[in-house]
Structures are given as C-alpha cells and as structure tokens.
Amino acid sequence: MRQIQGSWRSECHPQPADLGSGFQQIRLQVQFTHFTFITEEYDEPDCRIKRASSKSRYRFVLREPFLNKAQEPVSAIDLQAEEIPPGVAPVHPQNILSYKSGTLRLGDPASAGPDERLQKLDRSLLFSR
C-alpha cells in the first residue's frame, strides 16, 4: 500500500479520438483512501502549453492480490467516484492495479463488462514517478 502512495504521471500521449485532436498527460495523486486524476490537455506533442485541465476523484479500497487471466500478478482495487467533471469518462469501478519497479498500471476497461472485475492491464497508459 505504501508503494503506491504519492504522485504519478503518464507520458504525453494523443488524446482518445472521441475527445478530439490534441495530446494529454494524466497526473495521479494517491493519498490514503483517494485517487485523484488530473487530466491536462495540450495542442502539441511535447505537452508544454496547457489548454485545459480536469480533475476526477475516487475513493478506493485495495483488495487481495491475484493472477489475472494472463497470469500476471495484480491487485483488485475498487473505485467509487466522488467527483467526475462533465464529459469525462469514469474509471472502471472494479479495477486492477499493477505496481512494478516504480511504475503503476490500471486495468483496460475494454477487457470486461460493466459489472465485472477487469482482467487485462492497460498497456497504453503507464504511470511513473
């Protein structure tokens, strides 16, 4: 639990197509019982001049570790939305988390139905310190 506490950030990457053109970087703050995601939007691929920002906040409970379907060690994590701005997709509530060598990944929301525990790690979004 202590290993995931603190500040994390993703690399600068293209925004999902449904959000329009541009780039984004996601900052994640993990504090005791909460995950706070700050998504910053940019026009250029080096993410220097911010054009917009949004913040989502979730209460979390870290559950038992297990091996997912790909036989990777992950921990179950339950997320309950407390603050989600309009137009921002919520994080899957029955998620998974992988912490390894100073990096953190969450589950890929396309890997399960809305009421199922995620099983696949999101390979496109890596958080680091």
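No lab work stands behind these numbers, since they all come straight from the coordinates. On a predicted model such as this, the values are computed, not experimentally measured, just so you know. Neighbour counts run over all protein chains shown; Cβ positions are idealised from the backbone, glycine included.
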* Check cross-link reach from Lys55 to the aspartates and glutamates: straight Cα distance under 14 Å, and skip same-chain residues fewer than eight apart. => Glu40, Glu41, Glu82, Glu83
* May I ask you to evaluate 6.51 cos²θ - 1.76 cosθ + 1.60, the Karplus curve with θ = phi - 60°, for each residue of segment 113-128 and list the ³J(HN,Hα) values in order in whole Hz, giving x for glycine and proline? => x, x, 10, 10, 5, 4, 10, 10, 6, 6, 7, 8, 10, 10, 9, 9
* Structure fact -> Amide H proximity to Ile77 below 5 Å, modelled H, separation 5+ or other chain, gives Arg63, Asn95, Ile96, Leu97
* **Furthest towards positive pole of dipole, Gly6, Phe127, Leu79, structure part the chain, Cβ charges** => Gly6
* Asked: Tally Lys/Arg at +1 and Asp/Glu at -1 over every other residue whose Cβ is under 13 Å from the Cβ of Ile26; what's the total?
  -> +1
* Structure fact -> Spelling it out for Cys47: with amide H atoms placed in the peptide plane at 1.01 Å from N, the residues 5 or more places away or on another chain with amide H under 5 Å from its amide H are none
* Sequence-distant or interchain residues sharing an amide H contact under 5 Å with His34, placed H: which? -> Phe60
* So, counting K/R as plus one and D/E as minus one, what does the shell of residues with Cβ under 12 Å around Ile96 add up to? -> -1
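What is the magnitude of the charge dipole of segment 2-128 about its Cα centre, with +1 placed on the Cβ of each Lys and Arg, -1 on the Cβ of each Asp and Glu, and no other charges, expressed in debye to the nearest 20?
My answer is approximately 400 debye.
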* Structure fact -> Whole-Hz Karplus couplings 3J(HN,Hα) for segment 19-31, θ = phi - 60° and coefficients 6.51, -1.76, 1.60, Gly and Pro as x, run 9, x, 7, x, 10, 8, 10, 10, 9, 10, 10, 10, 10
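Against the 2.2 N^0.38 Å scaling, with N counting residues, where does the chain land? I'd like the Cα-based Rg ratio to two decimal places.
On the way: Rg = 14.4 Å, N = 129, 2.2 N^0.38 = 13.9 Å.
The reported ratio for this selection is 1.03.
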* Asked: For the chain, what's the relative contact order in percent, using C-alpha pairs closer than 8 Å and at least 6 residues apart?
  -> 18
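Can you order the peptides 83-95, 42-54, 26-38 by their average number of other Cβ atoms within 10 Å per residue, highest first? Before the final figure, lay out the partial values.
Values: 83-95: 14.2, 42-54: 12.1, 26-38: 15.8.
Order by mean packing, descending: 26-38, 83-95, 42-54.
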* **³J(HN,Hα) computed for each position of segment 91-100 - Karplus, 6.51 cos²θ - 1.76 cosθ + 1.60, integer Hz, glycine/proline x** => 6, 4, x, 9, 9, 10, 9, 10, 10, 8
